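What follows is a single structure, written as structure tokens, with notes after it.
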Amino acid sequence: MHEHIAEAVKEPDVVTVPPGAICLRFETMKLYSALGAVRHLLDTGQVKPGDTLIDSSSGIYAHALALACHRHGLNCHIVGSTTIDRTLRVQLEILGATLEQVRPSQNLRLDQNLRVQRIGELLQQNPHYHWMRQYHDAIHYLGYRDIADLIRKEVPHGPLSLVGGVGTGASTGAIATYLREAGRDVTLIGVQPFGSVTFGAEHVSDPDMIIAGIGSSIPFHNVRHHLYDRIHWINFDYAMSGAIELLRASGIFAGLSAGAAYLATLWEQEREREQDADRTYVFLAADTGHRYVDTAYAHHTAAPGLGTMRPHEVTTQNELKHPWSAMNWPPPDNGLLHDAPALMAEPA
């Protein structure tokens with residue numbers, strides 16, 4: 001029996017998805033990040049019950065942090081994107097979290113910059129608030145050890161490819177790190193939107209992908225570029241088609257990042273089938289599809305089928321183009337990107 005709904009909600013469904021892939025389907029994957037970080041802060045005395053935790057979110061992390069704070073008797077304040085819908089706003093209010101949303105914007109850069117700017121203002125006004133820094137603090141890696149342990153138990157032994165949205169870097173990066181530490185042969189395949197600076201695609205815009213929450217207009221220190229072996233950049237239309245086909249093929253109703261990860265998984269399976277037939281593919285469905293009904297799922301009759309979709313294989317970021325590009329990582333000359341000075345480690 002669980003002591004709080006947060007512990008129950010975080011558990012993923014492990015589902016076989018034809019042909020031969022495994023999906024970890026979460027209601028909200030970032031509960032692992034939020035719960036692990038909050039527990040560590042309480043255990044080390046950095047915060048105590050009654051304190052206020054604050055952070056920026058496009059939606060998923062807001063829900064996760066609010067539940068973690070509710071679980072441990074902490075206050076929660078979220079500076080949110082306009083993508084946070086009425087369903088989540090009402091839940092946050094009832095859970096006791098406070099939410100303020102930045103003004104509407106048409107691109108990822110402005111939206112994220114506005115949120116970070118507002119965080120700075122709030123911290124000046126309330127220096128006793130604790131900023132969770134989900135984008136930059138390695139404390140957010142800790143909770144994902146449980147997912148790595150789950151994969152070790154559920155997924156057959158042998159080489160494994162993990163496919164998922166990069167986002168803040170803490171989820172796919174942490175899971176792969178813990179699996180590798182346990183001796184597993186892991187290829188890490190990250191999914192990005194065009195327009196994200198994280199892997200050097202800021203020069204190719206895709207304003208619609210702001211809702212996907214898998215890219216960034218600012219550098220995230222929690223992204224460890226050296227952990228990744230392949231990167232896929234997938235635009236809104238193809239991610240939408242991937243999500244719709246995932247629902248059609250498996251019944252899994254998930255977000256756009258899951259659709260993009262499913263599309264990347266199918267391609268990676270095809271390109272590696274003859275060379276590495278024993279490899280298992282695991283892809284992440286980090287959230288449900290509810291907030292994408294109007295923007296994506298409602299257009300399912302017009303969505304292109306997956307049969308003709310192939311990525312444009314590139315060797316440098318200058319070659320990136322819509323609707324889908326992929327490349328081995330790191331590229332031959334990776335002078336554009338560097339990890340944060342402090343590599344991922346368990347916080348003291």
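Which of the aspartates and glutamates could a cross-linker bridge to Lys153, judged by Cα under 16 Å and excluding same-chain residues fewer than eight apart?
Answer for Lys153, where 16 Å is the Cα cut-off: Glu11, Asp13, Glu181, Asp185, listed by chain and number.
Could you please report the charge total around Asp85, scoring K, R as +1 and D, E as -1 over all other residues with beta-carbon less than 14 angstrom from its beta-carbon?
The answer is 0.
Quick one: putting +1 on the C-beta of Lys and Arg, -1 on the C-beta of Asp and Glu, what dipole do you get for the chain around its Cα centre, in Debye to the nearest 20?
Dipole magnitude for the chain comes out near 400 debye.
Specify the inter-centroid distance of the stretch 177-193 and the stretch 29-75, based on alpha-carbon positions, in whole Å.
The stretch 177-193 and the stretch 29-75 have Cα centres spaced 26 Å from each other.
By residue number, which cysteines of the chain lack any other Cys whose Cβ falls under 4.7 Å from their Cβ?
When partners are defined as cysteine Cβ atoms under 4.7 Å apart, the chain leaves Cys23 without one.
Take Gln275 and Gln91, extend 7 Å from each Cα along the Cα→Cβ direction, and tell me the distance between the two endpoints in nm.
4.1
For the ranges 145-158, 166-179, what's the packing order if you count other beta-carbon atoms within 10 Å of each residue, average per peptide, and put the highest first?
166-179, 145-158
Counting pairs of Cα atoms in the stretch 111-195, how many percent are more than 21 Å apart?
Here the tail beyond 21 Å accounts for 44 percent of pairs.
Along the charge dipole of the chain, pointing to its positive end and built from +1/-1 on Cβ of Lys, Arg, Asp and Glu, which listed residue (Ala62, Gly50, Pro330) has its Cα farthest out?
Value computed over the given set: Gly50.
Sort out for me the Cα centre separation of the stretch 139-165 from the stretch 274-303, rounded to whole Å.
Each part's Cα centre sits 19 Å from the other's.
So if I restrict to the alpha-carbon atoms in the stretch 31-138, what is the Rg, and what is Dmax, the biggest pairwise distance, in Å?
13.1, 41
On a straight-distance basis, which aspartates and glutamates could pair with Lys10 in a cross-link, Cα separation under 17 angstrom, same-chain partners fewer than 8 positions away excluded?
Glu27, Asp146, Asp149, Glu154, Asp287
Kirkwood Rh over alpha-carbon pairs of the stretch 150-259, then Stokes-Einstein at 20 °C and 1.002 mPa s: what D in µm² s⁻¹, rounded to an integer?
The diffusion coefficient I find is 146 µm²/s.
Only the coordinates and a few stated rules stand behind these numbers; no lab work does. Keep in mind that this is a model prediction, so the values were computed, not measured. Here Cβ is always computed from backbone atoms with ideal geometry, including for glycine, and neighbour counts include all displayed protein chains.
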